[in-house]
Structures are given as C-alpha cells and as structure tokens.
Amino acid sequence: MKNPYQKIYLASKSPRRRELLRQIGVAFELLLLRDQTPRGPDVSEEVLQGEAPQEYVARVTMEKAHAAQQMMVWRSLPVRPILAADTTVTIDGRILGKPASKAEASAMLRLLSGRSHQVLTSVAVIHGEQSWQLTQVSDVLFQELPEAMIEAYCDTSEPYDKAGAYGIQGPAAIFIESIRGSHSGIMGLPLFETAQLLQQAGIRIL
C-alpha cells in the first residue's frame, strides 16, 4: 500500500483521466473545481484575444492547478501533489472547444472531415512551491465523414462533453484514419509525459 505522500489530487472532472491514472497505478483523490460560483467559474476557459492554441491550453491548465492548490489550502486538506490537465482541438489555428448544441457539433465535425488536425493536451503538476508542466501534441487524420454519419453521431450524447465534438475512446474512433502522437494524450492525459512529471514531483510510478 502506498503511503499518503504517494497519493495525488486530480483537479479534473474527466472520467477518462481517472481511468488513465488508474491504468498506471497512480492513487488519487478528486479535487474538483467549480463551474459556477457567485463570481463565475473557478477557472475561465475563455480564449484570450490573440491567444495561440498551445499558449491557451498551457495557461488554462496551470490556472486549474493553482486554483486547486488554493482550494487545498482553504480546506486545510493534507498537502499532496496536484495534477491538472486540459485538452483542446485545433485546426487552421482555430480552437475547437466543447460544442454547446447539435448544430455546433455538426459544424465542427464537418470542419474536421477528411483533414488532419491537432489535439493538444497540457499537463501540470504542482507540489509546494514547485511546478512542472508540458504540452503533448498529436496529429489526427479524419476520413471523409458522410453527412448521415455526422447527423447520427450528433444525435447521441457523445460529442457534447468533448473538445472538438469527439472522443477517440468512443464510437468516433471509426472516424480516425491515422494518428501521429499519443493515443492517451488524445483521450485527455498523455501517460508517458504524465509519468515523467509525477516522478519529478516525487511520486513513484510502478
């Protein structure tokens, strides 16, 4: 059994990130940021004017980590390393977030159809006064998507909690002709890079 210092806080609501951490044997507790407070969300995911995709995903990730660290202090929780991550999809320099409607999800998939795009996942670990961060970039090539396939997919619940309106771990896997990069990174947590960061923070992996 790992001692308390071998456990981390995960500042993410993503069930996929939880599954991936369990896959590599990392013990964690959830430290969830709030989407709604009297002052708005704990961390805004709005894109700043002129912000490039890689700058955006790295900034939001580090802001999530710092917000979780503040929450740990305010709640007088045991001090542990904190892991935060954020994933975004980008094409032609445009950032594709989580679609809010069927029309928006359909439009995103039409844009990605038959083309290559990038999935960026930034990971940050904070422990005490130290922090470590990196961003993993994967290239994903979609097949040409028939309109009927797009419509059928967008009639499900799949697109609406995922950047770019799809997840590689679900039915949308059939859209993907090839990838160059990290399968787990496209899911939301690149395991090779995440293990490196956690080891730097003193967490033993395996």
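The values are calculated or read from the model by the stated rules, or taken from the named source; none is laboratory data. Remember, it's a predicted structure, so these values are computed and weren't measured experimentally. When we count neighbours, we look across all protein chains shown, and the Cβ atoms used for this are built from the backbone with ideal geometry, even at glycine. For accessibility, only protein heavy atoms count, side chains too; no ligands or nucleic acids. Shrake-Rupley method; radii C 1.70, N 1.55, O 1.52, S 1.80 Å.
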Can you pull out the residues in region 106-119 that are surrounded by 23 or more Cβ atoms within 10 Å (Cβ to Cβ) and either in a strand (DSSP E or B) or out of contact with any strand residue (DSSP E or B) (no Cβ under 6 Å at 6 or more places or on another chain) (or both)?
LEU109, VAL119
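Take the conditions assigned to a strand (DSSP E or B), farther than 17 Å from THR194 by Cα and not small (Gly, Ala, Ser) and apply them to ILE8. Does it pass? Reasoning before the result, please.
Details: assigned to a strand (DSSP E or B): yes; farther than 17 Å from THR194 by Cα: no; not small (Gly, Ala, Ser): yes.
Judged against the criteria, ILE8 is not a match.
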Candidate set from region 1-22 (those that are at pLDDT 95 or above and open to solvent by 70 Å² or more (accessible area, probe 1.4 Å)); member that is farthest from GLY185 (Cα to Cα):
ARG22
Residues (open to solvent by less than 30 Å² (accessible area, probe 1.4 Å) and of a type in the set (Val, Ile, Thr)) located in region 88-105
THR88, VAL89, THR90, ILE91
The listed residue being β-branched (Val, Ile, Thr) and more than 14 Å from the chain's Cα centre (by Cα), out of ILE95, ILE150
ILE150
Could you say whether any residue in region 50-64 is in contact with a helix residue (DSSP H, G or I) (Cβ under 6 Å, 6 or more places away or on another chain) and at pLDDT 95 or above?
no
